[in-house]
Structure formats: C-alpha cells, structure tokens
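Shown next, in structure tokens, is the structure this report addresses.
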Amino acid sequence: MMYTRPIAKIFSLTFDLSIVLTSTVTALIVFLLILITARNFHPYNPTKLQVALEWLIEFVRKIARNMIGKKNFHPFLLSLGVCVILYIFVANILGLPFSIVVEGERSVAWWKSPTADAHVTMTLAIMMVLFGHYYTIRTKGWKNYFKGYVKPFKILFPMKIMEQFSSMITLGLRLFGCIFAGEVLLSLLVAAGHSGFFHAILFSIPTFLWQAFCIFVGAIQAYIFVTLTFVYIGKNEYG
Amino acid sequence: MGDIYIFDIPISIGTMLYQAFIFSALVFVVYKLCLKKVINMLDERRQYILQQLKEVEQYKREAKSKYLEQMKELEEAKKEVKQMRENSNKQALYILNEAKKEANELRKRADEGMEGKKGA
C-alpha cells in the first residue's frame, strides 16, 4: 500500500516531484478560475461565476470581521483568505477522482492530493503564522508587538512562545491528517474492489459515499484553515 | 529521502521551499492582477448602493413632509370655505331680515297713508 515518492536532488535539496506537479496544477487551477471570473467582472450585471466569487469574498470578509473585529481591512488580507480557501479546497479534492501510480520494481505515486503530505500543510501553516506576525508588526509596531509577549504577566512569556509553535503545528497537521486519512481509506476501498467482479460491485457504493464525504471534509478543512489563520492574526492583534 | 531529520522524520527542504514559492506567487499574482480590482469594485458598489438607499430615504422623508403640508393646506382651505359659507349665510339672513324689516316699514307707512286719506 505504501508507495515511494519520485525524488529529485537539485543543489543538494530534495524535491518531491509528485508534490511539485500537483501543487503547481492546484495553483494553476485556482489562478485560472479567478482570472476568468475577474476578466468578465461587471459591477452591475454579474455572471454566475462572478456571483460565486463575490459570495466567497463576502464569506471570507465575514470570517475576518468576526475574528479580527475591524470593519475594513487591507484588501490584501481578503485576497489572501480567498486564495487560501480556494487553494486548500482544490488541493484537498485533487486526489479524489483518480490517482496515478507508476508500477515498477518500486511503485511510485505521481498523482495524489498535495495536502495529503505534511510538507505542504506545514509549509502553509508556517507561512500563515509568519504572515500573522508580519501583519501584527505592521499594524501595531515593533514595540507593542514585543509587549504582547509579556502581557498580562511576564511569567507567561514561555507559554506564549510555546503557543506560537503549537498553533503552527496543529494548523498544519490537522489538515494533513484529515486528507491523508481520507486518501488512505479511499485507496483501501479501491484495492478491495480490485479483487474480483463481485467485490467491485460490493465496494463501489462505499467508495462512492467516501468520495462524497471527502469532498465535504475538504471543504470543511479549507474553511477551518482560513478561520484559524484569521483567529491567530486576531489573537496576535489583541492578545 | 530527506535533507534534515526531526525526531527521525525525514523532511525535504526543497519541497517546502517550492511549496512556499508557488503559493506566495499565486497569492501575489492573484492579488495584483485580479482580486484588488474586484474587491475595490465590490466596495465601490457597496458605497453606491448605500448612497442610493440614503437618497431614497431622504426622498421618502421629503415626500412625506410635503404630503403633510398639502394635507394641512387642504384642511385650511376647507375651513376657509366653511367660514365663508357661514359668513355668506349670515349675511344673506341679515339682508333678508333687513329687507323684510324695510318691507314691513314700507307697508306700515303705506297703511298709515291709506288711513290718513280715509280719515280726510
């Protein structure tokens, strides 16, 4: 069941080529989706895609307003939220319809959800937490930023440092765990269906149901990721 | 497999760097090319609609106050008409009474004249 990864070494850095492939595809899908919608953007006569994008922007705006508590943000924050939610959702469901495994002396998995790998989710989590710090420094200044670590008591300083790391790790590993588990169960169901005609019919229904459930989980996880990102930004702002 | 090991877990730095690069590229390109424009447009539209609502509210208030004014004027005009009618009725009665009085006077005088002639 465990496949090896296609690894390439460039400048003594290892690259997982399947993740490079799938994350590039994800980014392209998100980019084209937004580009096509924004090209035909008309403020008073919206198309169907535009209504969907507007709904998404308002959705993210509402989350941000609840968590950060301001009426108006810099549009970059909204744009970041929309990108994150779309990127993670597309990445989550990318591995659902099929997977590509090249059989050889060691089977290599080329196509799976990029978020089913901890490298991707941890990178995103680290970036989001770092962006939260950057945003706090920009809005509050260095002095107040460092003061935030010893508020309300100085003794809480080690806790505050630990909190930053734990929030980063939970943010990344939660997403990874959900999507990885989903894909493992999906591949188990598909493998079980391979062993005969009767099995194929028997296991097609749970496979179908599990795929539908994985789409749901993917959407929920994308929502959770964005919400928590804004929670951490808002917490830095006031904590 | 990995560049560094944390608790025996292999971590490939190259994959993470590539991921960071592609994601930040996506965020910046999308922001610069599309979403900045879209979000500004949405804000503009919100302002426009809010302004329109405000204007409608103002027009409504103006219309209401004008309606009330008109009603007041109408009421006053009705009152005036009533007053005028009463006055004219009074005047008519007065004139009628005066005329009757005058007629009676004339009749009296005439009767007196007739009696004077008979007596003579």
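Take the cross-link list A:Lys9/A:Lys112; A:Lys112/A:Lys160; A:Lys62/A:Lys160; A:Lys112/B:Lys32; A:Lys48/B:Lys54; A:Lys62/A:Lys151 and give me the ones stretching past 32 Å between alpha-carbons. Before the final figure, lay out each step's value.
Details: A:Lys9/A:Lys112 21 Å; A:Lys112/A:Lys160 36 Å; A:Lys62/A:Lys160 28 Å; A:Lys112/B:Lys32 30 Å; A:Lys48/B:Lys54 29 Å; A:Lys62/A:Lys151 28 Å.
Pairs exceeding 32 Å: A:Lys112/A:Lys160.
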Study note, to complete from the structure: Of the residues B:Gln91, B:Ala20, A:Phe203, the Cα lying farthest along the dipole of the protein assembly as shown towards its positive end, which is defined by charges on the beta carbon of Lys, Arg, Asp and Glu, belongs to B:Gln91
**Study point:** Relative contact order for segment A:54-159, counting Cα pairs under 8 Å that sit 6 or more residues apart, in percent
**Key:** 14
Review point. Taking only Cα atoms, what is the 0 to 90° angle, nearest 10, from helix A:197-238's long axis to the longest principal axis of chain A?
Key: 10
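Based on the Cβ-Cβ distance from A:His199 to B:Ser24, what FRET efficiency comes out when R0 is 41 Å, to the nearest 0.05?
On the way: r = 45 Å, r/R0 = 1.11.
E between A:His199 and B:Ser24, to the nearest 0.05, is 0.35.
Report D for segment A:169-223 in µm² per second (integer): Stokes-Einstein, Kirkwood Rh on Cα pairs, 10 °C, 1.306 mPa s. Can you show the working numbers first?
Working: Rh = 12.0 Å.
For the chosen part, D equals 132 µm²/s.
Let's see if you can work this out: charge +1 on each Lys and Arg Cβ, -1 on each Asp and Glu Cβ, no other charges. What is the dipole magnitude of chain A about its Cα centre, in debye to the nearest 20? Intermediate results must be reported in sequence, preceding the final value.
Details: 20 positive and 9 negative charges, 266 e Å.
So the magnitude is around 1280 debye.
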**Study point:** segment B:39-108 versus segment A:140-214: alpha-carbon centroid distance in Å
**Key:** 74
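Can you give the average number of partner chain beta-carbon atoms within 10 Å of each beta-carbon in peptide B:4-17, as a whole number? Display every interim value, and only then the final one.
Values: counts 0, 0, 0, 0, 0, 1, 2, 4, 10, 5, 13, 16, 12, 4.
Taking all residues of B:4-17 together, the mean is 5.
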Check your understanding: Looking at A:Gly218, A:Ile63, A:Leu188, which one has the Cα that reaches farthest to the positive end of the dipole of chain A (charges on Cβ: Lys, Arg +1; Asp, Glu -1)?
Key -> A:Ile63
**Study point:** Net charge, B:Asp111 excluded, C-beta distance under 13 Å - Lys, Arg +1, Asp, Glu -1
**Key:** +2
Practice item. Could you give me the percent of Cα pairs per 10 Å distance bin for segment A:1-94, shortest bin first, beginning at zero and ending with the bin that holds the maximum distance? Key: 14, 33, 28, 16, 9, 0
Review point. Under a plain spin-label model, where a point goes 7 Å from the Cα along Cα-to-Cβ, how far apart in nm are A:Leu28 and B:Met114?
Key: 13.0
Practice item. Give me D for chain A in µm² s⁻¹, whole number, from Stokes-Einstein with Rh from the Kirkwood sum over alpha-carbon pairs, 10 °C and 1.306 mPa s. Key: 79
Exercise for review: Work out the charge dipole of the protein assembly as shown with +1 on the Cβ of Lys and Arg and -1 on the Cβ of Asp and Glu about the Cα centre, then indicate which of A:Thr139, A:Thr170, B:Gln58 is farthest towards its positive end.
Suggested key: B:Gln58
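How high is the FRET efficiency from A:Asn40 to A:Phe98, r the C-beta distance, R0 25 Å, rounded to 0.05? Before the final figure, lay out each step's value.
Values: r = 31 Å, r/R0 = 1.23.
Once the sixth-power term is evaluated, E becomes 0.25.
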Check your understanding: For the peptides A:135-143, A:89-97, what is the packing order when you average, over each peptide's residues, the other Cβ atoms within 10 Å and list the highest mean first?
Key -> A:89-97, A:135-143
Check your understanding: Which ³J(HN,Hα) values, rounded to whole Hz and listed in residue order, are derived for segment B:17-23 from phi using the Karplus coefficients 6.51, -1.76 and 1.60 in 6.51 cos²θ - 1.76 cosθ + 1.60 with θ = phi - 60°, glycine and proline given as x?
Key -> 5, 5, 4, 4, 5, 5, 5
Study note, to complete from the structure: Looks like segment A:126-239, by Cα gyration tensor root eigenvalues a ≥ b ≥ c and the a/c under 1.5 rounded cutoff (else prolate when a/b is bigger than b/c, oblate otherwise), is prolate
**Study point:** Spatially proximal aspartates and glutamates relative to B:Lys90 (Cα-Cα < 20 Å; intrachain offsets below 8 disregarded)
**Key:** B:Glu80, B:Glu98, B:Glu102
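Treating only the Cβ atoms of Lys and Arg (+1) and Asp and Glu (-1) as charged, compute the dipole magnitude of segment B:1-107 about its Cα centre; round to the nearest 20 debye. Could you put the intermediate results ahead of the total?
Details: 19 positive and 16 negative charges, 119 e Å.
In total the dipole reaches around 560 debye.
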Check your understanding: List the GluC sites (Glu not before Pro) in segment A:58-150 that DSSP assigns to loop (not H, G, I, E or B) and whose Cβ has at most 15 other Cβ atoms within 10 Å. Which are they?
Key -> A:Glu103, A:Glu105
Point to revise | Convex hull of Cα atoms in chain B, direction-averaged projection (nm²) | key: 15.9
Practice item. Give the residues of segment A:197-239 whose amide nitrogen is closer than 18 Å to a point set 7 Å from the Cα of A:Lys151 in the direction of its Cβ. Key: A:231-239
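Each reported figure results from applying straightforward, stated rules to the coordinates on display, with no laboratory input. No experiment lies behind these values; they were computed from the predicted model shown. Cβ sites come from the backbone with ideal geometry, for glycine too, and all protein chains shown count toward neighbours.
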